[in-house]
1. As a test of the formula, what do you get for the chain when each DSSP H run with n ≥ 4 contributes -39,500 (n - 2.57) and the sum is divided by the residue count, at 222 nm and rounded to the nearest 500 deg cm²/dmol?
2. Tell me, what is the percent relative contact order of segment 26-115, built from C-alpha pairs under 8 Å that lie six or more residues apart?
3. Give the percent of DSSP beta bridges with both residues in the chain that are antiparallel, rounded to the nearest 5.
4. Sorted by mean Cβ packing within 10 Å, highest first, what order do the peptides 290-303, 364-377, 177-190, 19-32 take?
5. Which whole-number percent is the relative contact order of segment 347-432 (Cα, under 8 Å, 6+ apart)?
6. In nm², what is the average projected area of the convex hull enclosing the Cα atoms of segment 229-323?
7. When the scattering of segment 142-296 is computed by the Debye formula from its Cα atoms alone, each counted once and equally, what is log10 I(q)/I(0) at q = 0.15, 0.16, 0.20 Å⁻¹?
8. Rounded to whole Å, give me the distance from the Cα center of segment 157-214 to that of segment 283-325.
Amino acid sequence: MSTKDIFGLLEQAHRHAADYIDTVRDRPVFPRQGALDGLSVFDGSLPDNGLDPSEMLTLLHKHGSPATVAQTGGRYFGFVNGGIHPPALAARWLADAWDQNAALNVISPIAAKLEAQCETWLVSLFDLPQDTAAGLVTGTSTSLACGFATARNTLLARQGWDAAAQGLFGAPELKVVLCEQAHGTVFKALSFLGLGRDRVHSVPCDDQGRMRIDQVPELDDRTLLILAASNVNSGAFDDFRPLCEKAMSAKAWVHVDGAFGLWAAASPAKQHLTDGIELADSWSVDAHKTLNAPYDCGAILCRDRNALTSALQASGSYIQWSDDRDSMMYTPEMSRRARGIDLWATLVTMGRKGIADLIDQLCDGAELFADRLGKAGFRVLNDTVFNQVLVAGDTPQETEAILRIVQASGECWCGGSKWHGEPVIRISVCAVETTPADIKRSVAAFVSAKQEAHLRNAL
Ligand SMILES: Cc1ncc(COP(=O)(O)O)c(C=O)c1O
């Protein structure tokens, strides 16, 4: 393809993206049925001869854009997804043109440099021990697996067992202690690391979803204790200091699932929520959630650099190590997109203050949501300490009807969940694009959904 043709395509992609960004606030937050039906244009067998690239882009914009969820339009509150920080989007475009593989310094010095910088900045933002190591992975699911693998190998090594070399056949038993409301990906990671999804000691939670300290069993030097920053539904934070101190005196390993909540540590107004978190051994966090970095961008952070890199080590006769930091030592993958570039772009253009402001903006948004919904007659079921709001109608049936009507309205989008056995609407304020006006408009959608649910019921 000639340089001229490449420019033409990039310009076309730019035009479509600009059109998308220009109209995303006016799009229904969840696509209408017509747009979903339009996806059938993507059916069919692989053509023998490739489609014209410009036609491909036209197809994507014409039928793909309308079938997107308008996550960057300000009124999407599902799944703690987050939006996108525009300077990071721009950096990602440039980085995509570079097409760097972040495996080794020798493969991409710029990717290696920016990953190393991100490591330093993340450790400083979260106020973690100085030599904490960070690997940039796809997201918290992978990060949890890296943290647990490191914990498993270290705890077993203390028992004289080399898990990396000998596997788990005949290995001493380990104990895993977690909160009964731990995220599903915690169980998934445990299951594929041979630690057993069902072998865990599950600690009951309090009414906000925090691990009950009085229910924590005896810990020892074969224990992996998994804490949460924060609860996936309520946004509540475990009481880290006493839990970590108890674990430290028992020589247990503590991992913190901080997928979206670890960011509280980067806000002076919210860092009381993560007090004591620096006493843990490893942490998981997503930059694509609260920080609004582009997908996919998670991190595994580990106090013991050697333990992390030995758990993730790989070798090969053709691998050319550098004297500096080679990123593949810190992640399960070898070849990998250079997500450190757009993470660096997010961090450097927000700065420490911008990051704190963003976190506070999301938390203020959640408070506004909770306050307005409470005044409008909804039941708010959690203490709104971070970005999560759990609301319900007067009955489970009413809650479910309101959720369905809100989701179909196109005005905003929230997910459903269960809270202490009751169906709830789960609101996650996590997009940089969300303004107070978006929240007020979304509350209005809730109010009219409640009225509609009543009317439907009356018919
Ligand atoms: C608390 C918590 N842990 C883990 C995960 C999994 O993270 P990811 O989707 O980045 O793999 C999530 C996702 O929302 C989460 O909220």
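1. Values: 13 runs with 187 residues, N = 459.
Result for the chain, helices only: -13000 deg cm²/dmol.
2. Values: 48 pairs, mean separation 25.5, N = 90.
It rounds to 28 percent for segment 26-115.
3. Working: 24 of 40 bridges.
Of all bridge pairs located within the chain, approximately 60 percent are antiparallel.
4. Per-residue Cβ counts within 10 Å, averaged per peptide and sorted highest first, yield 290-303, 177-190, 364-377, 19-32.
5. Details: 110 pairs, mean separation 23.2, N = 86.
Relative contact order comes out at 27 percent.
6. Values: hull surface 34.2 nm².
Dividing the Cα hull surface by four gives the mean projection, 8.6 nm².
7. Evaluating at q = 0.15, 0.16, 0.20 Å⁻¹ gives log10 I(q)/I(0) of -0.75, -0.85, -1.29.
8. Value for the Cα centre distance between the two parts: 22 Å.
Readers should treat all values here as calculations from the given coordinates under stated rules, not as data from a laboratory. Everything numeric in this text was worked out from a predicted model, so none of it was measured. Methodologically, a virtual Cβ is constructed for each residue, glycine included, from the backbone with ideal geometry; neighbour enumeration extends over all protein chains shown.
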